[in-house]
Structure formats: C-alpha cells, structure tokens
Amino acid sequence: MSEVTKTVVLGNKYGLHVRPATMLAQAAARFQSELSISKDGVEVDGKSVLEMISLGAECGSELIIRAEGDDAAEAVASLEELVKSRFHEEE
Amino acid sequence: MEFRQGIGVSPGIAIAEAFILDYEDVRITPFRQDEGPEACHREVERFERGLEAAVGEMQAISERIQEEVGDAVSSMFTGFSAILLDKKLKDDIVQKIRDNRFTAEYAVSRAFRKVKNMFRAKDNEFFASRLRDIGDIENRLLRHLVGEHGAGLKHLSSPVVLIAKDLSPSQTATLPRDKIVGFATDAGGRTSHTAILAKSLGIPAVVGLKAITSDVSGGDLVILDGSKGRVIVAPDATTQRDYRARRQRQIEFARGLDSLRDVPAETLDGHLIRLQANIEYPHEIPAALEKGAQGIGLYRTEFLYGPDQPNPTEEDHFEAYSSAITELAGRPLVIRTLDLGADKFLPEKARHEANPFLGSRSIRYCFERIDLFKAQLRAIYRASALGPVSIMLPMISALSELKKARSVIQDVVEELQRGNVRIDADIDIGCMIEVPSAAIAADILARETKFFSIGTNDLVQYTLAVDRTNERVAHLYQPAHPAVFRLIWQAVAAAHRERIGVSLCGELAGEVMYVIPLIGLGCSELSMSSSQIPTVKKVIRSITMRDAKRIVERIFKLSDARETESFLRERVRQIEPELL
C-alpha cells in the first residue's frame, strides 16, 4: 500500500465543470485506491462528481491529486493524464 | 429550524406541509406509514429502482441528442446521469431513508437541497447556472419515484402551504383553493398577483423570499406568518406550540370580526361609510358579500385577458358582467374599463417601451385599440339592463382624455340604441384619480364626471416616483408621505365642492392604519380586498368622525412619513392591538 500525490494545473477553458468531473470520476472508479482532489486546502472525493464540481476550480487552478492504495501510482497517473489532455476539449 | 424573511402581503398564520409547485405537481409525503426494517428495505429498493429509471432516461436522452445535435450537448446529459450515480449522493439518500423513516422521495429532496445549498453558498455564476441543472436532475428523479401514483396538486387531500417561484394568474385560476392554507413565493412584491389573490382569498402569504423554493423541501413542515412576512422551515416543538397558540388567538379575533358582518360601518357619532370589495373575477362575489361588502367598488376587468384567453369577445365580457350583476342582486357594481399594459397582460406581442408605466397603458391603450374598448363598453351597456352598474375610467391625466372617453361611450350608446338594444343610457361614468395631475386639477375633472375613485397604488408610485417592486427603492414607497395626503385631500375636496361621489379603491383603503385619516378626509366609500372589510369596519365602529377629523388636522402638521405612520399606528393600537 502506498500514497502518491501530484500537483497539476487545470488548463481547460471552462474549468472543472460537469463533463470533466464526470471523466475524472469514471477514470477514478477503475482503481482500487482511494482518490482525492484538493484545491486551496479543500479536499474532496475523486470518485464523486458532485464534490469535484463543488470545488469550483477554474482554468488555471492548481489541483492536488492524491491516491492511497495498491494501485495509487497508476491511478494518479491516469487522472493527471486526463487533466493534462484538457479533457479532450476543443478550444 | 430556519427563518426566512420576505414581504408579508396577506396577514395570518399558516402551519402545514410545504407543497412546491415547481416540481410539476409532484407531491412529496415526508414519512413512511410503516415502521420496521422491512418497510425500510422496500423504501431503499424503491429509491434504487427510481434511480435506475432516471439514469436510463438520461442516457436515452443523451443518445437521442447525440444523433440529433452531436457530442457537445449530449455529454451534458451523460454528466447528469453521472451526478445521479454519484456514490456520495446515493449513500446520503439511503442513509436518510434508514435513519429517519423518510420516504424515498423526501430523502431525495432533502439530499438535493443540501447540494443546492452548497452550490448556492459559492455565489458565483458557474454555480448559479449549475443549480438549474441540479434542480432538473432532481425533478426527473422525483418524477420516477412518485410517478403517476403521486398525489398531484389536483388531488391534495390535506392542507398545504404552496411554495412557488411566482404565481401567474393562469396558475392560480386552477388551484384547489380549499386545500391551500398559505402562499410563499420567491418573487413578487406587495402589488403582485399572488399578493392580491391571497388577500382576496384571506389566505396568509409571504412573497419576495428570493429562494424559498430551494430553502424548503416538499413535505417539510413550515410555519408561515403573513403578518410579519416570515417563513419558518422545520420549526422546533416550542416554536410550533407558540405559533399554534397565536393562530388560535387570531382565529378568535377573526370570529369576533365575523359577528360584525351584518352591522353597518358606522362611526360612534353616526356617520355611515360604505364598504365595498375589489374583485378580479365574478366568482369572488359570494365570498365578498359574506364578508359584508355592500357592493363592488372596483371590478378589474383586465383579468378577462390572459395567456389562456388573449382576445375575449364582447360576449365574453357580457357573460362576465351579467354573472357579476346576478351575484350582486341589486347591489352596485363599478366596472373599471381595461387597465391593460405596464405590469399587466397585453393581448399582443410585447411592444418595446422604455418606460411602460409612463407609456401606452390603460385608457391610453384603449384609445389605441378602440375596437377592444368599444367591445367592452357595448358589453357593459348591454349588462346595464340587468342591474346597477357604473363605469370607471382608469389613468385619466387630463380633461381631454375624459372627454375623449365619453365621446367613445356616447358613440357606443347611440349604436346600441339604434339597434334597439335594451340598455340603461344614464349609468354613472366616473374617473380614477391615480395620476398626480388628475389630483392636482381635480376641480376641473370634478365638473365633468359623476364620481371619483382614488387609486392609491398608482397615485403613490407616480407621486413619489417609486416602483415598490424594486427592492432598492421600495423603502421610499411611503403612502403616508405628506404629498400623498395632500393630493388625496385635494381630490376629495374638489369632489365635495361639485357634490359628486368620492371613493377610494387603492390598497390603502384596506390598511387598518389609514382608515381613520381617509374617513377623516371625507372619503365616504372605501373599496378593498374583501378579507379586509371586517377589520376596517371594526376600526370605523371604534371612533368618532370628530376624532378622525382631528387626526387629519394633526397629520397635516407632520412633515415626515415615518412620523405620520408611527402616529397612526399608535392610534390603532389604542383601539385594539390585535388589529395590527
């Protein structure tokens, strides 16, 4: 069991709204690890769309992805990849 | 227990379950009838089935939209189903069902309320627009849970406090009035439709609560205090007891008022005042007579118009007037000609006017649409053969308008007479005094008309240049402003000099505080929401005309609206504190 954290910057135009949050939650659901996302010291469940939206993270916000569990490293990498891809949003 | 402050527009206390109208007729029953683990298990299963159905529906919508419009929009619905499937939300709902004997729908409503509150607390635009989405998702889930079996608004079996964003005339027309014990709305001001309706029905109401539709879950117990403009959500036991006792005192006081129904509105020194009712629809007449109305002093005929009936015919008018006359059985009926425009319905596409209250409304609009005006006038004259009616012209601002209206009326009378239609050609034609120019030049108008009716809602708004539905300036709306009293006095004095009738049909007539100065000024007729009649009668029967005149003299020496208000309030308190 391990804990992995990673800081990323949200780059998509509209921030962490319903669609990106859904994508993160769907990705997170594939892992055993507990996943959380935090912004400005507020930490929420990375598997809950509602909680992630409630962060109100806008473009340029700094997010910390944290995972705890056997597949923590893969989980964090997967979520990081999604954020970096800007959720495949067209500009 | 939470308190919400709005604007109290119809007094009294209501204690009942909340029914939220915006849920499109979904009635939420808060608690399960059965206790025990089995019932709980059934309820959780019912929630899960409802959830599955709602998610299925979202996905179907998403697929259909993807075919029609493409990914961008359809992914929104995928997002919606993701929210429905959110584990945290689901756990919260199941927890609520297990711990509190909640029904599935009530647990859903409570859980979503928490989410909505969280979003609202963020106070930025992103969350504001998501709120609507969350509300939509909730509604879909609720519909699957309550489905066809849910008791809709039409099938209410127990009393409810109706909660809505706003109430339109067409909505209120179909409400089961006997089951609604209170109204609370997000929008609206003192002169909104909800306010007028609630007053005429004698149902306590609070408007302008801003977010009451999301502060309350359907099925919550609420206390509504229409006198103080307050709504208490989920009150504790002590508060409930306190309010039930207060309601009881009010009911007893009201019973005492009911006993005044058949006695005259006479001052202690024998001056008789005529008390009449304001109505929007003829079906309100029996209730008005029940309250002791001696006639109808203001029939707002523009309510014949509405989205459901944008173009009433002469026959529609005639039918309404003749049924009103029949109900009144010989008592007088004052029909105000169409007061369309500004804040009221217009039977055509909205025309842009930079300032509709100073634009083509009311009598000005009637002059633009002589066809509508004439249809109404023909109907009034045809009905005049059936019983006593008179015509009241609204928004007159100059003699020329009064003369113009009378010449249209003359044309109609002659046309009808040529056609040998039975009419009473001599019915009284009066004009409303609701524009400052009419009050200032009342002596000129008084020579050309049979009666004045002072409309205080508009008179105050135009005199003080204040829109009281605008919360930023509503505090400047002061009926007790010295300028308003002086204008009313001028109009009454002009009417007395020409020996024509003068009544007052604005909201002021029904406000306890103003009754004494109005009769002291010489208004011999007051027309108001029928629910106010017993209280006003009580005030009149408790004072002498001499005192009322002294009070007027005193008011004319006061220079500030606040001073006048507190002076008047004190006088009423001396008569009977419960009146306030």
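The values are calculated or read from the model by the stated rules, or taken from the named source; none is laboratory data. What you are looking at is a predicted structure, and each value in this text was computed from that prediction instead of being measured. Glycine also receives a Cβ, built like all others from the backbone with ideal geometry; neighbour counts cover every protein chain displayed.
Quick look at the numbers
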read-out: Filter pass, residue B:136 being modelled with pLDDT of 80 or more and surrounded by fewer than 23 Cβ atoms within 10 Å (Cβ to Cβ); value: no
read-out: Qualifying positions in the range B:200-239 - under 25 Å from residue B:176 (Cβ atoms) and among the polar types (S, T, N, Q); value: B:200, B:213, B:214, B:217, B:227
read-out: Yes/no for residue B:460 being under 20 Å from residue B:569 (Cα atoms), part of a helix (DSSP H, G or I) and either in the same structural domain as residue B:512 (by TED's automatic domain parsing) or within 30 Å of the chain's Cα centre (by Cα) (or both); value: yes
read-out: Filter result (more than 18 Å from residue A:4 (Cβ to Cβ) and in contact (Cβ under 8 Å) with a residue 40 or more places away in the chain) within the range A:25-76; value: A:56, A:57, A:58, A:59, A:60, A:61
read-out: Helices (runs of 4 or more DSSP H) lying entirely in the range B:489-564 (those with 3 or more residues that are within 26 Å of the chain's Cα centre (by Cα)); value: B:512-521, B:533-540
read-out: Hits in the range B:419-457 - residues which are within 22 Å of the chain's Cα centre (by Cα) and buried (at least 23 other Cβ atoms within 10 Å of the Cβ); value: B:432, B:434, B:453, B:454, B:455, B:456
read-out: Sole residue being surrounded by 18 or more Cβ atoms within 10 Å (Cβ to Cβ), in contact with a His (Cβ under 6 Å, 6 or more places away or on another chain) and either hydroxyl-bearing (Ser, Thr, Tyr) or on the phi < 0 side of the Ramachandran plot (or both), chosen from B:509, B:480, B:561; value: B:561
read-out: Qualifying residues in the range A:27-68 (those that are among the polar types (S, T, N, Q) and over 11 Å from the mean Cα position of the chain (by Cα)) - the one surrounded by the fewest Cβ atoms within 10 Å (Cβ to Cβ); value: A:32
read-out: Any chance residue B:427 is assigned to a loop (DSSP other than H, G, I, E, B) and at pLDDT 95 or above; value: yes
read-out: Among residues of the range B:254-304, those that are within 16 Å of the chain's Cα centre (by Cα), of a type in the set (Lys, Arg) and at pLDDT below 90, counted; value: 0
read-out: Options B:165, B:228, B:179: the member that is surrounded by fewer than 14 Cβ atoms within 10 Å (Cβ to Cβ), touching a residue at least 12 places away in the same chain (Cβ under 8 Å) and either at negative phi or not basic (Lys, Arg) (or both); value: B:228
read-out: Single unsatisfied condition, residue B:468 versus (1) buried (at least 23 other Cβ atoms within 10 Å of the Cβ); (2) part of a loop (DSSP other than H, G, I, E, B); (3) touching a Lys or Arg at 6+ places or on another chain (Cβ under 8 Å); value: (1)
read-out: Odd one out for residue B:399 among (1) closer than 30 Å to residue B:443 by Cα; (2) of a type outside the set (Gly, Ala, Ser); (3) buried (at least 19 other Cβ atoms within 10 Å of the Cβ); value: (3)
read-out: Helices (runs of 4 or more DSSP H) enclosed by chain A - at least 2 residues per element that are within 14 Å of another protein chain (Cβ to nearest Cβ) and at pLDDT below 90; value: A:18-28, A:49-53
read-out: Cβ-Cβ under 6 Å pairs, at least 6 apart or on other chains, the range B:110-121 side under 14 Å from residue A:51 (Cβ atoms) and assigned by TED's automatic domain parsing to the domain that holds residue B:91, far side at pLDDT below 85 and charged (D, E, K, R); value: B:119/B:130
